[in-house]
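Colleague: Okay, handing you the structure first.
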Amino acid sequence: MTQIVSKDGFVADQFADLERLAPEDYRPGAALALGPTADPGALAEQLSSAPLVEITVGGFGDGREFSIGALLRRQGYRGHLRACGPLLVDQFRALIRCGFDDIALPDEMAERQPEAQWRAVPFETGYRARLLNA
Amino acid sequence: MYSYTEFDRDFLRARVDEFRGQVARRLDGSLTEDEFKPLRLMNGLYLQLHAYMLRVAIPYGTLRSAQMRKLAEISERWDRGYGHFTTRQNIQFNWPRLTDVPDMLDALSEVGMHAIQTSGNCIRNVTADHFAGAAPGEAEDPRITAELVRQWSTDHPEFAYLPRKFKVAVTALEQDRAVIRFHDIGLRVKSRDGEIGYEVVIGGGLGRTPMIGKVVREWLPKRDLLAYLEAILRVYNLSGRRDNKYKARIKILVHETGLDELRERIEAEFATGARLLGDVNPDVIAQIEQSFVDPEFRDDPVAPFAPSPAFQAFLDTNLSAHKRADHAIVTVSTKPIGGTPGDVTADQMRVLADLAEIYGYDELRISHEQNVILPHVHRNDLAKVYEALRAAGLATANVGLVSDIIACPGLDYCALATARSIPVAQQISEMFADIDAQHDIGPLKIKISGCINACGHHHVGHIGILGLDRAGVENYQLTLGGDGTEDAAVGDRTGPGFAYDEVVPAVGRLIHAYLEAREDKHESFLHTYRRVSLAPFKAALYGERDAAAA
Ligand code: SF4
């Protein structure tokens, strides 16, 4: 099982009832489930009707989800964006900056990283945002 | 010089607090060692053979005297009274305790320094020509670009977990002292019709598979720099190999994909990205440019002086031309005969800081050749600077000569090492203890790595030495003719390697063979090698060994 973590801390999954479908099986209204090798450029159709996109990370330390998330946002995806997998509280700031709304964390990792740690993450302006007004 | 703004200071304080928290979470078990590892690496903390090692960033190798003094203080308070300057213009402390590291970072932050992104699979501390801003002929001080890249790459949200480490170097001259052709990205600042821009090189690297970088863009206007870098990094982050750490650098992506196809992908990504990305904040740019204006150079007329022979020898090797005729660039060798290349004691750091303050407009540089540089010294002050260096054991007149050796830490410190490198450097230097003989041999770059990772840049040494492990015994491979400059070349293997006690005499034979083969004193080792190639050197190396074995 997983724990959803947003900027508000540990929260319930508002999309718990949605069906998760891979791009090739996608039906409008379902959540779009992507892996670390997803090509955001090839998903325009699915993205236009997906209320939620979940990106499962490729494993601890695999950073492709950061670029995939940033690209989805750049392409204009306005729905809910979620990263799923073994993530650290130390990566939270960067995930939010890349356009993610929340993460789905394995329970075992949520136990070792209690809610207070996530709520303490500072979201001050970063160098990139300051340089590029972005 | 760039002075930290309130923004930079707040950022640093937040990062030190964050790391303090990470250490606490590691100690209380919230973080496993596997999880802690990338976090400590991103804060410059390695686990070495005997202890932790803290690698402190010196962005583009530029330091103020107050910063050098702080490094001296840190080395005395939490380490063993010395620091080690590296081939990436950083400084390493070899003996910190994990629990002291947050305090060390606090002390560093007092002078606007840190250890962020000196390790880990992220964009590393950016390096630049160590004579930047002092050398004649630059289109613009390359540190303006380097500082911009530093800010952009620091804590970049997208690129902290790349397939592998990523290094950027900048120069502003045709004559390349920053080794840009052996970096993941090399930037050469140039001007065209009065506009500043870049030649962009990608996919260079040393390590297991040395590759010379390729030009991906002949001309990139300055305003497009960050958008173009983002395009390169994004393509790399998504397509770089993650299945094998030895194939994960961008050089392999360039090699396996082909430059043309990769360029197309980068350009496509750039075309969209640049359109959507805001212009770089002009206030930040103005503030950076302001930071690299010249100091107010003294213009006293240069008085003639009659140097002693020892001082003359120092002037011959350790002085370089400054963009002003009344000033000079002084390189301080960290390689006394028999010393450890790059090691500087706390007392020596203070002497260097004082000299910079009194005679050097408060500026110091660290070179990738592990030396310390006073970039602006009025010629009338050279004698006083020399005397002070001599008294501190820092006046070795060997810059660019056979004993100005680059050596990685090797088996003396490094957990990855397969052989010793420092003692090999020390013995070579002792073999040529006579400075006059060194001056006679002339320019010669020897570079030594203690394993295939090539931190000692052996591939680009005129003589490269790579220490390997052959069934539990150290074995040293020699390469000849490597060159890290604009004439980039990877050295050629000479043949079978040499045991630890054979390698120094083998280097001696190589140099002897050069002296025999050169046309005259003005033909350097490298030029001679290019003319005569391997044969006479092989004969000198193996002829003798085979004869001894027979
Ligand atoms: S080349 Fe090898 S031995 Fe030398 S510092 Fe690098 S990793 Fe360590």
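The values are calculated or read from the model by the stated rules, or taken from the named source; none is laboratory data. All figures in this text were calculated on a predicted structure; none of them were measured in a lab. Positions of Cβ are generated from backbone atoms using ideal geometry, with glycine treated the same way; all protein chains shown enter the neighbour counts. Keep in mind that these areas ignore ligands, DNA and RNA; they rest on the heavy atoms of the full protein, side chains included. Shrake-Rupley method; radii C 1.70, N 1.55, O 1.52, S 1.80 Å.
Colleague: Just checking, which of A:LEU81, A:LEU105, A:LEU71, A:LEU87 is within 17 Å of A:THR56 (Cβ to Cβ), at the interface with another protein chain (Cβ under 8 Å from one of its Cβ atoms) and modelled with pLDDT of 95 or more?
Modeller: On the way: A:LEU81 fails: at the interface with another protein chain (Cβ under 8 Å from one of its Cβ atoms); A:LEU105 fails: at the interface with another protein chain (Cβ under 8 Å from one of its Cβ atoms); A:LEU87 fails: at the interface with another protein chain (Cβ under 8 Å from one of its Cβ atoms).
Going through A:LEU81, A:LEU105, A:LEU71, A:LEU87 in turn, the sole match is A:LEU71.
Colleague: Could you name every one of the helices (runs of 4 or more DSSP H) located completely within region A:64-134 that has at least 1 residues being within 19 Å of B:ASN237 (Cα to Cα) and hydrophobic (A, V, I, L, M, F, W, C)?
Modeller: A:64-74, A:92-97
Colleague: Out of the residues in region B:424-445 meeting the condition of being closer than 26 Å to B:GLY472 by Cβ and under 21 Å from the mean Cα position of the chain (by Cα), tell me which one is farthest from the ligand (Cβ to nearest atom).
Modeller: My answer is B:GLN426.
Colleague: Condition check: out of contact with any helix residue (DSSP H, G or I) (no Cβ under 7 Å at 6 or more places or on another chain), farther than 30 Å from B:ILE446 by Cβ and open to solvent by less than 50 Å² (accessible area, probe 1.4 Å). Does B:MET53 satisfy that? Full working, then the answer.
Modeller: Values: out of contact with any helix residue (DSSP H, G or I) (no Cβ under 7 Å at 6 or more places or on another chain): yes; farther than 30 Å from B:ILE446 by Cβ: no; open to solvent by less than 50 Å² (accessible area, probe 1.4 Å): yes.
When the stated conditions are applied, B:MET53 does not pass them.
Colleague: Determine whether region B:526-537 contains at least one residue that is within 27 Å of B:LYS214 (Cβ to Cβ), of a type in the set (Val, Ile, Thr) and under 28 Å from the mean Cα position of the chain (by Cα).
Modeller: Looking for residues that are within 27 Å of B:LYS214 (Cβ to Cβ), of a type in the set (Val, Ile, Thr) and under 28 Å from the mean Cα position of the chain (by Cα), one finds none in region B:526-537, hence no.
Colleague: Read through the list (1) without any contact (Cβ under 8 Å) to a residue 60 or more places away in the chain; (2) surrounded by fewer than 23 Cβ atoms within 10 Å (Cβ to Cβ); (3) more than 13 Å from chain A (Cβ to nearest Cβ), then give the number of the only condition that B:GLU33 fails.
Modeller: (3)
Colleague: OK, next. Quick check on region B:160-169. Is at least one of its residues in contact with a Ser or Thr (Cβ under 7 Å, 6 or more places away or on another chain) and either buried (at least 24 other Cβ atoms within 10 Å of the Cβ) or within 29 Å of B:LEU220 (Cα to Cα) (or both)?
Modeller: Yes, region B:160-169 contains a residue that is in contact with a Ser or Thr (Cβ under 7 Å, 6 or more places away or on another chain) and either buried (at least 24 other Cβ atoms within 10 Å of the Cβ) or within 29 Å of B:LEU220 (Cα to Cα) (or both).
Colleague: Could you please find all residues in region B:133-153 being more than 7 Å from chain A (Cβ to nearest Cβ) and assigned to a helix (DSSP H, G or I)? Give the derivation first.
Modeller: Step one: list which residues in region B:133-153 are more than 7 Å from chain A (Cβ to nearest Cβ), which gives B:133-150, B:153.
Scanning region B:133-153 gives B:PRO142, B:ARG143, B:ILE144, B:THR145, B:ALA146, B:GLU147, B:LEU148, B:VAL149, B:ARG150, B:SER153.
Colleague: So, one more: Look at region A:21-54 and say how many of its residues are farther than 19 Å from B:VAL235 by Cα and β-branched (Val, Ile, Thr).
Modeller: 1
Colleague: Something else: Would a scan of region B:208-219 turn up a residue that is within 14 Å of chain A (Cβ to nearest Cβ) and of a type in the set (A, V, I, L, M)?
Modeller: Start the filter on region B:208-219 by keeping residues that are within 14 Å of chain A (Cβ to nearest Cβ), which leaves none.
No, region B:208-219 contains no residue that is within 14 Å of chain A (Cβ to nearest Cβ) and of a type in the set (A, V, I, L, M).
Colleague: Turning to a different aspect of this structure: Within 16 Å of the ligand (Cβ to nearest atom), free of Cβ contacts under 8 Å to residues at least 60 places away in the same chain and among the aliphatic types (A, V, I, L, M): is that true of B:LEU355 in this structure?
Modeller: Working: within 16 Å of the ligand (Cβ to nearest atom): no; free of Cβ contacts under 8 Å to residues at least 60 places away in the same chain: yes; among the aliphatic types (A, V, I, L, M): yes.
For B:LEU355, the condition - within 16 Å of the ligand (Cβ to nearest atom), free of Cβ contacts under 8 Å to residues at least 60 places away in the same chain and among the aliphatic types (A, V, I, L, M) - is not met.
Colleague: Still on this structure, I have one more. How many residues, within region B:396-415, are within 16 Å of the ligand (Cβ to nearest atom) and either more than 26 Å from B:TYR60 (Cβ to Cβ) or part of a helix (DSSP H, G or I) (or both)?
Modeller: Quick first cut of region B:396-415, residues within 16 Å of the ligand (Cβ to nearest atom) only: B:405-415.
From what's left, either more than 26 Å from B:TYR60 (Cβ to Cβ) or part of a helix (DSSP H, G or I) (or both): B:410-412, B:415.
Result for region B:396-415: 4.
Colleague: Working only within region B:182-198, note down all residues that are in contact with a helix residue (DSSP H, G or I) (Cβ under 9 Å, 6 or more places away or on another chain) and open to solvent by 10 Å² or more (accessible area, probe 1.4 Å).
Modeller: B:PHE182, B:ARG188, B:GLU195, B:ILE196
Colleague: Could you check how many residues of region B:523-550 are modelled with pLDDT under 95 and within 20 Å of B:GLY442 (Cβ to Cβ)?
Modeller: 0
Colleague: Got a number for residues in region B:458-485 being hydrophobic (A, V, I, L, M, F, W, C) and within 17 Å of the chain's Cα centre (by Cα)? Working first, answer last.
Modeller: Residues of region B:458-485 hydrophobic (A, V, I, L, M, F, W, C): B:460, B:463, B:465-466, B:468, B:471, B:473, B:478, B:480.
From the residues that got through so far, the ones that are within 17 Å of the chain's Cα centre (by Cα) too are B:460.
The number of residues fulfilling the criteria is 1.
Colleague: Considering only region B:12-27, how many residues are open to solvent by 20 Å² or more (accessible area, probe 1.4 Å) and either at the interface with chain A (Cβ under 10 Å from one of its Cβ atoms) or β-branched (Val, Ile, Thr) (or both)? Let's see the steps before the verdict.
Modeller: Just the residues of region B:12-27 that are open to solvent by 20 Å² or more (accessible area, probe 1.4 Å), to begin with: B:13-14, B:17-18, B:20-21, B:24-27.
So of that shortlist, the ones also either at the interface with chain A (Cβ under 10 Å from one of its Cβ atoms) or β-branched (Val, Ile, Thr) (or both) come out as B:14, B:17-18, B:21, B:25.
Counting residues in region B:12-27 that are open to solvent by 20 Å² or more (accessible area, probe 1.4 Å) and either at the interface with chain A (Cβ under 10 Å from one of its Cβ atoms) or β-branched (Val, Ile, Thr) (or both) gives 5.
Colleague: Of the residues A:LEU32, A:LEU18, which single one is open to solvent by less than 20 Å² (accessible area, probe 1.4 Å) and not charged (D, E, K, R)? Quick ask: steps written out before the conclusion?
Modeller: Working: A:LEU18 fails: open to solvent by less than 20 Å² (accessible area, probe 1.4 Å).
Exactly one of A:LEU32, A:LEU18 is open to solvent by less than 20 Å² (accessible area, probe 1.4 Å) and not charged (D, E, K, R), namely A:LEU32.
Colleague: Something else: Checking B:ASN398 against (1) in contact (Cβ under 8 Å) with a residue 40 or more places away in the chain; (2) buried (at least 22 other Cβ atoms within 10 Å of the Cβ); (3) assigned by TED's automatic domain parsing to the domain that holds B:TYR542; (4) of a type outside the set (A, V, I, L, M), only one condition comes out false. Which one?
Modeller: Unmet condition: (3).
Colleague: Six or more apart or on different chains, Cβ under 8 Å: which pairs go from a residue in region A:121-134 that's over 19 Å from B:TYR4 (Cα atoms) to one that's at pLDDT 90 or above and small (Gly, Ala, Ser)? Could you list them?
Modeller: Here the result reads A:PRO122/B:ALA14, each pair linking region A:121-134 to a residue that is at pLDDT 90 or above and small (Gly, Ala, Ser).
Colleague: Just give me the residues in region B:348-395 being open to solvent by less than 20 Å² (accessible area, probe 1.4 Å), over 15 Å from B:HIS130 (Cβ atoms) and in a helix (DSSP H, G or I), in sequence order.
Modeller: Those that are open to solvent by less than 20 Å² (accessible area, probe 1.4 Å), over 15 Å from B:HIS130 (Cβ atoms) and in a helix (DSSP H, G or I): B:MET349, B:ALA353, B:LEU355, B:ASP381, B:LEU382, B:VAL385, B:TYR386, B:LEU389.
Colleague: OK, next. What's the number of the only condition in (1) within 8 Å of another protein chain (Cβ to nearest Cβ); (2) touching a His at 6+ places or on another chain (Cβ under 9 Å); (3) within 22 Å of A:MET1 (Cα to Cα); (4) of a type in the set (A, V, I, L, M) that A:VAL53 fails to meet?
Modeller: (1)
Colleague: Out of B:TYR228, B:TYR236, B:TYR246, report the one residue that is at pLDDT below 95, in a helix (DSSP H, G or I), in the same structural domain as B:HIS156 (by TED's automatic domain parsing) and not aliphatic (A, V, I, L, M).
Modeller: Details: B:TYR228 fails: at pLDDT below 95; B:TYR236 fails: at pLDDT below 95.
Answer to the check: B:TYR246.
Colleague: Just to check your reading of the model, which residue among B:ASP362, B:ASP404 is on the phi > 0 side of the Ramachandran plot and of a type in the set (D, E, K, R)? Give the steps one after another, and end with the answer.
Modeller: Working: B:ASP404 fails: on the phi > 0 side of the Ramachandran plot.
After applying the criteria, what remains is B:ASP362.
Colleague: So, in region A:47-63, how many residues would count as being assigned to a loop (DSSP other than H, G, I, E, B) and not aromatic (Phe, Trp, Tyr)?
Modeller: Our first condition is that a residue be assigned to a loop (DSSP other than H, G, I, E, B); within region A:47-63, this holds for A:48-51, A:57-63.
Imposing the further condition that a residue be not aromatic (Phe, Trp, Tyr) reduces the set to A:48-51, A:57-59, A:61-63.
Total meeting the criteria: 10.
Colleague: Please find, among B:HIS156, B:HIS114, B:HIS130, the residue that is within 28 Å of B:ARG69 (Cβ to Cβ) and within 14 Å of chain A (Cβ to nearest Cβ).
Modeller: Values: B:HIS156 fails: within 28 Å of B:ARG69 (Cβ to Cβ); B:HIS130 fails: within 14 Å of chain A (Cβ to nearest Cβ).
Checking each option against the conditions leaves just B:HIS114.
Colleague: Please work out if B:ILE463 is on the phi < 0 side of the Ramachandran plot, open to solvent by less than 10 Å² (accessible area, probe 1.4 Å), more than 16 Å from the ligand (Cβ to nearest atom) and β-branched (Val, Ile, Thr).
Modeller: Values: on the phi < 0 side of the Ramachandran plot: yes; open to solvent by less than 10 Å² (accessible area, probe 1.4 Å): yes; more than 16 Å from the ligand (Cβ to nearest atom): yes; β-branched (Val, Ile, Thr): yes.
Yes, satisfied.
Colleague: Can you confirm whether B:PRO496 is in a loop (DSSP other than H, G, I, E, B) and either more than 16 Å from the ligand (Cβ to nearest atom) or within 14 Å of chain A (Cβ to nearest Cβ) (or both)?
Modeller: Working: in a loop (DSSP other than H, G, I, E, B): yes; either more than 16 Å from the ligand (Cβ to nearest atom) or within 14 Å of chain A (Cβ to nearest Cβ) (or both): yes.
In short, yes.
Colleague: Would you mind stating whether B:SER421 is touching a strand residue (DSSP E or B) at 6+ places or on another chain (Cβ under 8 Å) and within 16 Å of the ligand (Cβ to nearest atom)?
Modeller: Here the answer is yes, as B:SER421 does meet what is asked.
Colleague: Quick check: anything in region B:294-316 closer than 24 Å to B:ALA128 by Cα and assigned to a helix (DSSP H, G or I)? Quick ask: steps written out before the conclusion?
Modeller: Just the residues of region B:294-316 that are closer than 24 Å to B:ALA128 by Cα, to begin with: B:294-297.
Then drop every residue that is not assigned to a helix (DSSP H, G or I), which leaves none.
Scanning region B:294-316, I find no residue that is closer than 24 Å to B:ALA128 by Cα and assigned to a helix (DSSP H, G or I), so the answer is no.
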